[in-house]
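To start, the structure under review is shown below, and the notes come after it.
The values are calculated or read from the model by the stated rules, or taken from the named source; none is laboratory data. Not measured: the values here are computed from a predicted model. Using ideal geometry, Cβ is built from the backbone for each residue, glycine included, and neighbour counts are taken over all protein chains shown.
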Amino acid sequence: MAWLHYFSLINLIFCVCASGQSLRQTVASRPFRIGTAVDVSRLGDLTYRNLIRNEFNQVQPENELKWMVLRPSAATYTFTKFDSLVDFATANGMSLRGHVLIGESGYPSWLTTGNFSQAQLREILRQHISTVVGRYSGRIYAWDVVNEAFDGAGQLKATQWLSHPGIGGAGTQYIETAFRMAHEADPNALLFYNDTNAETLNAQSDAIYRMALDFKQRGVPIHGIGLQMHLDLNGIDIRSLEQNIARFAALGLQVQITELDVRLPVPVGAAPTLSQLSLQADIYAIVAQSCLRSPACTAVQTWGVTDRYSWIPDFFPGTSAALPFDSNYAAKPAYYSLRRALEPSAQLLMRGALRDNASFAVAPISAGQILVLFVNTQATGSSASTPISGFYPTRWQGVEVHFDGIPAPILAVHRDCVVMAAPYGIESKASVPAVVRVNGQASNVVEVEIRAASPGLFTAAGNGTGTVLAHSSDGRLIDRSNPARAGDLVTLYGTGIGRLPGSSAAAVASSPAPQAQFPVSATILGSSAEVQWAGALSGAIVGTSKIVIRVPASLPGGEHPLQLRIGSVSSQAGVTLPVR
Ligand code: 9MR
């Protein structure tokens, strides 16, 4: 628990309630598999062995079913290495995934330099698949039948099975043949196509989708798509990943995350920074959560367990530390966040989940500021809250958000976010813990930095950039067809101007509205614009600000950058005011 507390102090995501359960215990009540690739040659390492046994309910050999290991010669099969994993899995009640029948590489030279005819090569493949799949029929529940057949442009890669000499048939026919052979050898095994860099919507995943659609339409036995998920700290576009999972699910296919790891830009042996570990932890969690959000996604499997045994440093020199356990087998933040993500209906708060609702900036927050928190609220639709006797509620649709234990007034609950005001009472702190509760279930805690004011401006498009949301003195909305006039008063709307004296964060602002306690200044095109008034917007929650400025008389026409400033903090860049 000690290091968890430590993490909380340095503004990183951490796990509040270490459940003490293993990953496999966390998913035990559900038909979900949490797996790992195993370096079978290391199974004699008892710490490694025990970690796998305790933490995972699925194993897959990293290399031991590849032709290179299994087929030293055309006539021989060395099953012994893999069989030791089969025994281990059986003894420990784990599912076995088979990897791989047709891979991108890993072939012995007798095969690659054998000058076989198409017919001979086809027969070699048939025998191989029938022998290997047949032998483990009933024990291996799912196979990666074909791995990494497409390139980034969505073209089939050149391979002996396709074209030199090929096994006969053009395009994806060799893949189809392999699936049919595997199905014949074990009609009950789930057959997967597995690939890398095809996790999100792109040319490669489009090509895989077209193949899967074609296979499904023609009754080719395909049951799932494996998304490898070898990531770095750039993470992954979650929306695109979820759309990709959804389109395969719509074909009636399972999806499995098959090779998850997140490499860090540190050479082997060097210690990653806490912020690298924290970001890595977030990425593990969001991948697992994206999978769990789709009923079609049935497994998350890591490509290894401990940084002691990982392919990463050899293949990506200068990087390492990609796995949930470090090289001394200690659980890393990634382990805890993965476990948290696997919990039933876990509410996960990610770095960057809390934003200013006007600018969408991720920055320190201030008392009263209108914020949006991106989290799965389990709400089925969107629902704006209604103030009761002039005060916004602090629980709406079963959702509550607490900052340092103080409940935040809630303005709206949507399926994937909640809009609220930061409560008063946090302004004296440098940082506070934030937690969301959905129907009583608490999320992890994130530490949020506080400052006195954190101005943000609402924009016309509602996305925090472009033309500011503003009215001219005649009450008309300002836009390019109705630009502000030099010398005129303009009303802007924002948030984050700090606690307003004599008010409550939950209150609907009265008329006359309370005024800002901190001096607000404004600039348009770099010249200062007089701020005539700044405070709450009457009729709205107190944290919604109204700022009346005078457009400098000397200002030329054009769409000019506009910023507010309170103390040393400015509103977001990229906001403009059209001036006539
Ligand atoms: O991790 C595997 C490494 O030990 C092997 O040397 C390499 C070549 O066979 O394959 C690695 O595993 C790959 C997997 O089979 C397919 N997806 C990418 C994996 C990482 O390269």
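Computed quantities for the displayed model
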{"quantity": "Failed condition for Thr465, given (1) over 27 Å from the mean Cα position of the chain (by Cα); (2) within 22 Å of Leu555 (Cα to Cα)", "calculated": "(1)"}
{"quantity": "Some residue of the range 369-377 being over 23 Å from Gln276 (Cα atoms), within 26 Å of the chain's Cα centre (by Cα) and in a loop (DSSP other than H, G, I, E, B)", "calculated": "yes"}
{"quantity": "Any hit, the range 31-52, residues being at positive phi and part of a loop (DSSP other than H, G, I, E, B)", "calculated": "no"}
{"quantity": "Filtered residues of the range 378-397 (kept if within 29 Å of the chain's Cα centre (by Cα) and touching a residue at least 40 places away in the same chain (Cβ under 8 Å))", "calculated": "Gln378, Thr394"}
{"quantity": "Residue within the range 194-206 that is within 20 Å of His128 (Cβ to Cβ) and among the hydrophobic types (A, V, I, L, M, F, W, C) present", "calculated": "no"}
{"quantity": "Cβ-Cβ under 8 Å pairs, at least 6 apart or on other chains, the range 22-45 side without any contact (Cβ under 8 Å) to a residue 60 or more places away in the chain, far side among the aromatic types (Phe, Trp, Tyr) and within 15 Å of the ligand (Cβ to nearest atom)", "calculated": "Val40/Phe82"}
{"quantity": "Among (1) under 20 Å from Leu371 (Cα atoms); (2) in contact with a Pro (Cβ under 7 Å, 6 or more places away or on another chain), the one test that Pro578 misses", "calculated": "(1)"}
{"quantity": "Where a residue in the range 160-178 is within 17 Å of Gly219 (Cα to Cα) and its partner, wherever it lies, is in a loop (DSSP other than H, G, I, E, B), with Cβ under 7 Å and at least six apart", "calculated": "Tyr174/Trp161; Tyr174/Leu162; Tyr174/Gly166; Tyr174/Ile167; Ile175/Ala149; Glu176/Val220; Thr177/Ile167; Thr177/Gly169"}
{"quantity": "Test: residue in the range 263-277 that is buried (at least 19 other Cβ atoms within 10 Å of the Cβ) and under 13 Å from Val287 (Cβ atoms)", "calculated": "no"}
{"quantity": "Options Ser41, Ser19: the member that is surrounded by fewer than 22 Cβ atoms within 10 Å (Cβ to Cβ), at pLDDT below 95 and either among the hydroxyl-bearing types (Ser, Thr, Tyr) or farther than 30 Å from Ser275 by Cβ (or both)", "calculated": "Ser19"}
{"quantity": "Ala182 buried (at least 21 other Cβ atoms within 10 Å of the Cβ), in contact (Cβ under 8 Å) with a residue 60 or more places away in the chain, touching a Pro at 6+ places or on another chain (Cβ under 8 Å) and within 30 Å of Leu231 (Cβ to Cβ)", "calculated": "yes"}
{"quantity": "Any strands (runs of 3 or more DSSP E) falling wholly within the range 221-340 and containing at least 3 residues that are among the aromatic types (Phe, Trp, Tyr) and either within 16 Å of the ligand (Cβ to nearest atom) or modelled with pLDDT of 95 or more (or both)", "calculated": "none"}
{"quantity": "Out of Gly543, Gly557, sole residue that is surrounded by 15 or more Cβ atoms within 10 Å (Cβ to Cβ) and touching a strand residue (DSSP E or B) at 6+ places or on another chain (Cβ under 7 Å)", "calculated": "Gly543"}
